[in-house]
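K.L.:
Below are the structure tokens for one structure; questions will follow.
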Amino acid sequence: MRRISIFGATGSIGQNTLDLIRRNPDDYDVVALTGAQNIPQLIKDAKELRANVAVTSDQTRLAELRDGLAGSGIDVAAGDAALIDAAARPADWIMSAIVGAAGLRPGLEALKHGTVLALANKESLVTAGPLLMGEAKRLGATVLPVDSEHSAVFQALIGEDIKSVERIIITASGGALRDHPLTALDSVTVDEASNHPNWDMGQRITIDSASMFNKAMELIETKEFFGVKPEEIETIIHPESLIHALVGFRDGALMAHVGPPDMRHAIGFALNWPDRKDLPVQRLDLAQIGQLNFRAPDLARYPALAIAQKVMEAGGLTGAVFNAAKERALDGFLAGACSFTDMARIVSRVVDVMLSKEGLQNATITLDSVREADAMARALTGEEIAKQES
Ligand code: NAD
Ligand code: MG
């Protein structure tokens, strides 16, 4: 039996992971399940899968969790420290699927067991890629990508030498507003931005897909995970979301990973790695699909892509600043405090201001320095949002 823990179990990735676990419950011993808000779901899953511990990051929900699991023999805990404790419980496979920068610390803690860390939380790599990957190497742990594009690249690289790679092409659907008139983007509502054409995901990543901030994060994630140069990473719009990424080799060959837009493929690949096992995903009928389309991304529509280029070139703590500014700007958009297009303008300004003043580029990446850069960037972003309101 493999001991597994799922951080962010109540979310979209977490629930897809549990869907796979449920199909072979006898293969897994569930150690920890965590969630923030959806406590009824956490209670139900912890009972059904007989988890050892259920944790909510939200202290105010502890009583509800404790009541729901009373008499079950399942440990309960709440708060950020409890999340770290849960990550310290030995497990063979840990899913990191908390959304946002909050996913970094539990992931780092999990590496200490030399375990397999299945990484959906791209924010860990964007904010602290060298720290996370460096710790994994030092501790002999394995990090496997769960983001569909990065899982695709990882699969295309099996048996290959990264030195023979010339470029990595990350595909992007273009998101909910791909065909929205450019001049009308400023007045887009939260609902309009929350409607992804191909993927069913959490709300924050869905809006990040519409603004292409998600793709911007993924470009940085590619650089950090695979150790390639910024100029070797490209983005292409591919509306069907069937090719998830392509790897271009020195001899001109392009290896494409093709599959249905179902996160259970990338999750299941990481779960079964290094083997491949049956997964309950749709088999594509290429004759019925007929054609696949591609086009270059329009930088006027997707300014986030240009910001990502700048962040990758600057390096250091710039990723932590970028991620924090993006998370804070999204909070502002969700709260109606800034517009859809304000988000990129504000994030761009915050990155520029912090790059001009703070010597971010050469800073050492530690948990403390990341936390400090994150806090400064959030504060500055808050100020910029307030300027929009006044
Ligand atoms: P989601 O919002 O559906 O779920 C997030 C999970 O994190 C929930 O369990 C929530 O309760 C928990 N959470 C939220 N804030 C927290 C906090 N401060 N502390 C602890 N836990 C907290 O998000 P999702 O779409 O499942 O995405 C999870 C991660 O996976 C993100 O990093 C996202 O970018 C990445 N990802 C998601 C998809 C997808 O298809 N959903 C695809 C690729 C990558
Ligand atoms: Mg992705």
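Since every read-out is calculated from the coordinates, none of them should be taken as a lab result. As the structure is a prediction and not an experimental result, all values here were calculated from the model. Counting neighbours? That spans all protein chains shown, and the Cβs are built from the backbone with ideal geometry, glycine included.
K.L.:
Only Lys, Arg, Asp and Glu count, each charged at its Cβ (+1, +1, -1, -1), so figure out the dipole size of the chain about its Cα centre, rounded to 20 debye.
P.N.:
My answer is approximately 420 debye.
K.L.:
Can you tell me the order of 316-326, 69-79 when each peptide is scored by its average per-residue count of other Cβ atoms within 10 angstrom, highest first?
P.N.:
Per-residue mean Cβ counts within 10 Å order the peptides as 316-326, 69-79.
K.L.:
Return a whole-number percent for the relative contact order of the stretch 146-313, with Cα pairs under 8 Å and 6 or more residues apart as the contact set.
P.N.:
32
K.L.:
Taking the Cα centre of the stretch 146-313 as origin, work out the dipole magnitude from +1 charges on Lys and Arg Cβ and -1 charges on Asp and Glu Cβ, in debye rounded to 20.
P.N.:
120
K.L.:
Sticking with this one: Please list the three semi-axes, largest first and in whole Å, of the ellipsoid equivalent to the chain, using sqrt of 5 times the eigenvalues of its alpha carbon gyration tensor.
P.N.:
Semi-axes (√(5λ), whole Å): 30, 26, 22.
K.L.:
Based on DSSP H runs of at least 4 residues, each adding -39500 (n - 2.57), what is the mean residue ellipticity at 222 nm of the chain after dividing by all its residues, to the nearest 500 deg cm²/dmol?
P.N.:
The helix contribution divided over the chain gives -14500 deg cm²/dmol.
K.L.:
Lys and Arg at +1, Asp and Glu at -1: add these up for the other residues within a Cβ distance under 10 Å of Leu83 and post the number.
P.N.:
So the surrounding residues net to -2.
K.L.:
Related question: Measure of size requested: the Rg and Dmax of the stretch 162-231, with Cα atoms as the atom set and Å as the unit; please supply both.
P.N.:
14.5, 45
K.L.:
To the nearest whole percent, what portion of all C-alpha pairs in the stretch 2-145 is separated by more than 27 angstrom?
P.N.:
Looking at the stretch 2-145, the distances longer than 27 Å represent 14 percent of pairs.
K.L.:
Next up: Calculate the tail of P(r) for the stretch 315-390: the fraction of all Cα-Cα distances greater than 16 Å, expressed in %.
P.N.:
41
K.L.:
With a 10 Å Cβ neighbour count serving as the proxy for reagent exposure, in which order, fewest first, do Tyr28, Tyr302 appear?
P.N.:
Arranged by neighbour count, lowest to highest, Tyr28, Tyr302 become Tyr28, Tyr302.
K.L.:
Give the relative contact order (percent, whole number) for the chain; include only Cα pairs under 8 Å separated by 6+ residues.
P.N.:
The value is 14 percent.
K.L.:
Of the options Leu360, Ala335, Ala300, report the single residue whose Cα projects farthest towards the positive end of the charge dipole of the chain (beta-carbon charges: Lys, Arg +1; Asp, Glu -1).
P.N.:
In the chain, that residue is Leu360.
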